[in-house]
Amino acid sequence: EAQVTQNPRYLITVTGKKLTVTCSQNMNHEYMSWYRQDPGLGLRQIYYSMNVEVTDKGDVPEGYKVSRKEKRNFPLILESPSPNQTSLYFCASSLQGRHTQYFGPGTRLTVL
Amino acid sequence: SQQGEEDPQALSIQEGENATMNCSYKTSINNLQWYRQNSGRGLVHLILIRSNEREKHSGRLRVTLDTSKKSSSLLITASRAADTASYFCATDSNSGYALNFGKGTSLLVTP
């Protein structure tokens, strides 16, 4: 089954404790992206990747890192999480950036 | 940056009625897409309309695009309680490398 998976689905952590949210897709898509969703602000793009070893900042990249060492994986790294990063995070993939995007189920992160 | 802007922010209708939501955007696009999100879950693609198309249908969905007005509408006919969700429009960015999502329309369909 074609899908985008994210782990963990729920995470509660404390300020400053490094964490990684994994994202994997099995559709051989070149393009992958991370979004955060906050009430009243909609979906905002954090980082995207057009292909292996090619990443670029989205609209709200501060406080986040990404890597794309393999085509199928695109982890989101929070080196020193802060409470303002409490949010619902989505990973998405597509053939190319402007094409139909397939979303993962979301990761609800709470930073205390 | 967010380019699409949905209107209304919230819509409440009864089953069987039609639901119409609108999307306005600012710069020229190659295509416009509509997505649906059930509460707290991932977005699901509904329909894509290209800039050279004016109308597109998919089941009970009808999407129109007016590039001169930089606007699109999504019509859901004969709505059902299961259509309750948030609906987002997304436009491709100027760079063509990403989609820009609006803030969404929250649709409530009551039995």
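The table below lists the values:
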read-out	value
Averaged over A:90-100, number of beta-carbon atoms from partner chains that fall within 10 Å	5
Cα-based radius of gyration of the stretch B:1-64 once divided by 2.2 N^0.38 Å, which approximates compact folds	1.21
Dipole moment magnitude, nearest 20 debye, chain A about Cα centre, only Lys, Arg, Asp, Glu C-beta charged	180 debye
Reduced Cα scattering model of the stretch A:64-112, Debye log10 I(q)/I(0), q = 0.22 Å⁻¹	-0.93
Angstrom value of the Kirkwood radius, inverse mean 1/r, which spans all Cα pairs in the protein assembly as shown	17.8 Å
Max mean-square fluctuation residue, GNM over chain B, Cα-Cα springs under 10 Å, options B:Arg80, B:Arg60, B:Arg41	B:Arg41
Cross-link table A:Lys17/A:Lys69; B:Lys70/B:Lys103; A:Lys18/A:Lys71; A:Lys69/B:Lys103, entries beyond 20 Å C-alpha to C-alpha	A:Lys17/A:Lys69; A:Lys18/A:Lys71; A:Lys69/B:Lys103
At 1.306 mPa s and 10 °C, Stokes D of chain B from Kirkwood alpha-carbon radius, µm² per second	114 µm²/s
Debye, to nearest 20: dipole size of chain B, +1 on Lys, Arg Cβ, -1 on Asp, Glu Cβ	180 debye
Zero-based 5 Å bins, Cα pair distances in the stretch B:48-111, whole percents	4, 14, 22, 24, 19, 10, 4, 1, 0
Test item: A:52-62 mean partner chain Cβ contacts at 10 Å	1
Percent of Cα-Cα distances greater than 24 Å, calculated over chain A	17 percent
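Quick note: the coordinates plus some simple rules give every number you see, no bench work behind them. Note that the structure is predicted; figures quoted are calculated from it, not measured. Positions of Cβ are generated from backbone atoms using ideal geometry, with glycine treated the same way; all protein chains shown enter the neighbour counts.
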